[in-house]
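The values are calculated or read from the model by the stated rules, or taken from the named source; none is laboratory data. In this text, all values refer to a predicted model and were calculated from it rather than measured experimentally. All Cβ positions, glycine included, derive from the backbone under ideal geometry; neighbour counts span all protein chains shown.
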Amino acid sequence: MSETKKLIFYIEDEKDLSEMVTLYLEKEGYSVCHFFSGEAFLDKIFSQQPDLILLDLMLPGIDGMELCRYLKRDPKLNKIPIIILTAKDDPIDVVLGLETGADDYIVKPFHPRELLARIKAVLRRRLSESTADHSLLKIGSLILDADNLTLIIGEDLIPLSWKEYRILEFLAKNKGKIITREQILNYAWGTDEFITDRTVDVYIANIRKKLGQHGERIVTIRGVGYKLDVE
């Protein structure tokens, strides 16, 4: 029996580029559903969910950044991996793209082989993560819920992006230990992605905000990384 093709939803308003990418990925064995706008994509996403989303940032109507934020806020959609494709190559734009919860970020122009390699890496990593034995993880009075990507503080349920969850999970499993930024990068993104230390700092800042009064428990170790203090 042949393996079911992985389904990719591709949101891109450049006709020539979208046709080239779609044909290439279909030739490589993927099933691709292309949309010219975020609105058209949203009309489809609730009736059929893909294995991965390729998302352009510069879209008519709803832009890609807002679309990414929307997907990561929805508990039914937030585990679908997202790769952002964009002409914006400023480091700040890269950080903002990843901050929304995207799994990877590719700057145009790109070679189709690079895109294919990134897709395979993201799908491979997500498969290994989804088959791992996750359960509720307690951090003192806090609880991490992998199934719903939420942080439970008392009666409050705080939504997390997948990367925020992975970082908190890693800190929790190593609570009391000093963890380097490189270790966090390798755990949350994998060694096959080119993400900077600055990205880790941005995510830690966001996690601290979500932790509220518990945010100070994530201690910065200057020049090294972070440590999660035990209650």
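Matching residues to (1) in contact (Cβ under 8 Å) with a residue 24 or more places away in the chain; (2) closer than 15 Å to I204 by Cβ:
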| site | (1), (2) |
| --- | --- |
| L142 | yes, no |
| D147 | no, no |
| I152 | no, no |
| L160 | yes, yes |
| E169 | yes, yes |
| N186 | no, no |
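Out of (1) part of a loop (DSSP other than H, G, I, E, B); (2) at pLDDT 85 or above; (3) within 17 Å of the chain's Cα centre (by Cα), the odd one out for A102 is which?
(2)
I'd like the full set of residues that are assigned to a helix (DSSP H, G or I), within 20 Å of the chain's Cα centre (by Cα) and crowded, with 20+ Cβ neighbours inside 10 Å, limited to the stretch 1-44. Reasoning before the result, please.
So the first thing to find is which residues in the stretch 1-44 are assigned to a helix (DSSP H, G or I), and the list is 15-27, 38-44.
Those still in the list that are within 20 Å of the chain's Cα centre (by Cα) too: 38, 41-42.
Correct list: G38, F41.
Restricting to the stretch 63-78, what's the tally of residues that are assigned to a loop (DSSP other than H, G, I, E, B) and either in contact with a strand residue (DSSP E or B) (Cβ under 6 Å, 6 or more places away or on another chain) or at pLDDT 90 or above (or both)?
Here the count works out to 0.
Select from the stretch 45-62 the residues that are within 14 Å of T100 (Cα to Cα) and assigned to a loop (DSSP other than H, G, I, E, B) and list them in ascending order.
Listed by number, the list holds a single entry, L57.
Working only within the stretch 208-231, note down all residues that are surrounded by 15 or more Cβ atoms within 10 Å (Cβ to Cβ) and either among the polar types (S, T, N, Q) or within 14 Å of E182 (Cα to Cα) (or both).
G225, Y226, K227
Yes or no: the stretch 114-135 includes at least one residue that is outside the structural domain of R198 (by TED's automatic domain parsing), assigned to a loop (DSSP other than H, G, I, E, B) and modelled with pLDDT of 75 or more.
Within the stretch 114-135, none of the residues are outside the structural domain of R198 (by TED's automatic domain parsing), assigned to a loop (DSSP other than H, G, I, E, B) and modelled with pLDDT of 75 or more.
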